[in-house]
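Accompanying notes for the structure given below.
Taken together, the values in this text are just the output of simple stated rules run on the coordinates, not laboratory data. On a predicted model such as this, the values are computed, not experimentally measured, just so you know. Cβ coordinates were reconstructed from backbone atoms using ideal geometry, including for glycine residues, and neighbour counts include every protein chain displayed.
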């Protein structure tokens, strides 16, 4: 049975973490969205088990930070042990640069169920489970998708389609987009337990050439174990209960705990050659497959959703959005690959190929531990690539104050408001471009005319003072950096400047507070806000003046 054609702005294919977050973000923006998932429900079995601070910030943007915080174990670290069980390194980060703990444990079934339930907040979002994409085509204006649900086949007409349909993405294959990279030859056995006797709060990494293993904590007294299989051990053998029992007994007290899931996986380090085909975008595992050693596979997909959602929202209101949409791949692909490389490097530490190599690695870490900065670099996870773009929807400057901040995600300090409230910075920022005036007295640099011009372009003005200055009443909100994150490099060099923040909290451009007008061309690239005739005339006059200079 064929139903009449249905219209939507964005069609999201796949209701895993990436698709669910993307649909929630689009819903919060009022974008007409249909989410389809071929399974009847979200995943029932645990898969990803770790969520990081950048992902929690993306969930905060969707209004979900508190709900997700309620189902996570916050702030765990890692303990690295040698073959004798002795620890030789630790990673226990406590700095909340982006407003949240860097490592948090969760259960994917509960996480996905929470995101699915949250879709009901948005009238513009329709979620259809048990609905499979059968075929699709696209022209210069739309994507036409044939979707089968039960005995019905619908034709959906969307302005854009996002394929978040997993590592075996049917959409990616239909577009003939190859994956680049490699497949690990070492299979791993994943064992999820219903309960644990292991009281260690942190992840334990057993770096043993005889058999590498990892154990990860979870909420509610659960625990996961991951064991590298040795040559000659087959998946059929490893998925027998007795096999898992022997391995569990080798690394701790959980040899007799009830097993929830036992499965062999082969990991991948691969990335799609292209992330966009005209009106179709790849996201999550459809775009990149990451080894689990850094816990970044799902987190990279959530970053995709955060980057793409606001760009689709703006594109729907732009006459020519191509340059904007092209920046999705430009920005996200290099960063996703950097996370894959991080996982590969960490895998070399976790999986020493020989006893001598393992000895050298452990000795190296013990030597680093004698040097404070090196110890801090590892313990605080400073080795993890910062969320930063070298190209894309940014306006770099070659050097000077603040140059290193451009393209970075800003920190999220606790800020103090005029009425002495303490709140995370993003809770004070609207979902539109923000001119963040970072100065001791921000109100001195934004007069009424400039404030009106910036707001007319679709941006907002927020003042931020360093921690030693109090906020004051002004025509725009002024906040104080209580956590002092803006007093650290590279942002301390931005004092006396205005940072233009994108909707995903990355710095697009920077100008001295004396020349805020210089941000206007970049604001116009970030937003589809209409310009009045007066604005057009002013912009033309400014361009002529600049040319004259």
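Take 527, 153 and order them by how many other Cβ atoms sit within 10 Å, fewest up front.
153, 527
Over the chain, what is the relative contact order in whole percent, taking alpha-carbon pairs under 8 Å and six or more residues apart?
Result for the chain is 14 percent.
Quickly estimate the mean residue ellipticity at 222 nm for the chain, helices only: each DSSP H run with n ≥ 4 gives -39500 (n - 2.57), and the total goes over all residues, rounded to 500.
It comes out at -9000 deg cm²/dmol, rounded to the nearest 500.
What is the order of 200, 207, fewest Cβ neighbours within 10 Å to most?
Ranked by crowding around the Cβ, least crowded first: 200, 207.
May I ask you to sort 288, 122, 142 by Cβ crowding, counting other Cβ atoms within 10 Å and putting the fewest first?
142, 122, 288
For region 293-318 and region 403-476, compute the distance between their C-alpha centroids and round to whole Å.
Result: 25 Å between the Cα centres.
Spin-label point model (7 Å from Cα, Cβ direction): what's the residue 487 to residue 468 distance in nm?
Calculated label separation equals 0.8 nm.
Roughly speaking, what is the stretch gain from residue 128 to residue 263, that is 0.36 nm per residue apart minus the C-alpha to C-alpha distance, in nm to one decimal?
Here the segment from residue 128 to residue 263 would lengthen by 45.7 nm.
Mind giving me the nanometre distance, one decimal, between the label points for residue 174 and residue 391, set 7 Å out from Cα along Cα→Cβ?
Computed distance between label sites residue 174 and residue 391 equals 3.0 nm.
Take the Cβ-Cβ distance between residue 194 and residue 422 as r, set R0 to 51 Å, and report the resulting FRET efficiency rounded to the nearest 0.05.
Plugging the Cβ-Cβ distance into 1/(1 + (r/R0)^6) gives 0.80.
Let me check I have the definition right: for region 1-107, take the eigenvalues of the Cα gyration tensor, multiply each by 5, take square roots. What are those semi-axes in whole Å, largest first?
37, 18, 10
From the square roots a ≥ b ≥ c of the eigenvalues of the alpha-carbon gyration tensor of the chain, which class results: rounded (a/c under 1.5), prolate (a/b over b/c), or oblate?
oblate
Taking every Cα atom in region 403-548, find the radius of gyration and the maximum pairwise distance Dmax, and write them in Å.
14.9, 48
Any chance you could give the angle, 0 to 90 degrees and rounded to 10, that helix 355-368 forms with the longest Cα principal axis of the chain?
40 degrees
Starting from the Cα-Cα distance between residue 210 and residue 41, subtract it from 0.36 nm times their residue separation and give me the gain in nm to one decimal.
56.8 nm
Please give the helix 322-350 orientation as an angle from the longest Cα principal axis of the chain, in degrees from 0 to 90, rounded to the nearest 10.
Tilt of helix 322-350: around 30 degrees.
Does anyone have the angle between helix 17-28 and the longest principal axis of the chain? Alpha-carbon axes, 0 to 90°, nearest 10?
With rounding to tens, the tilt is 20 degrees.
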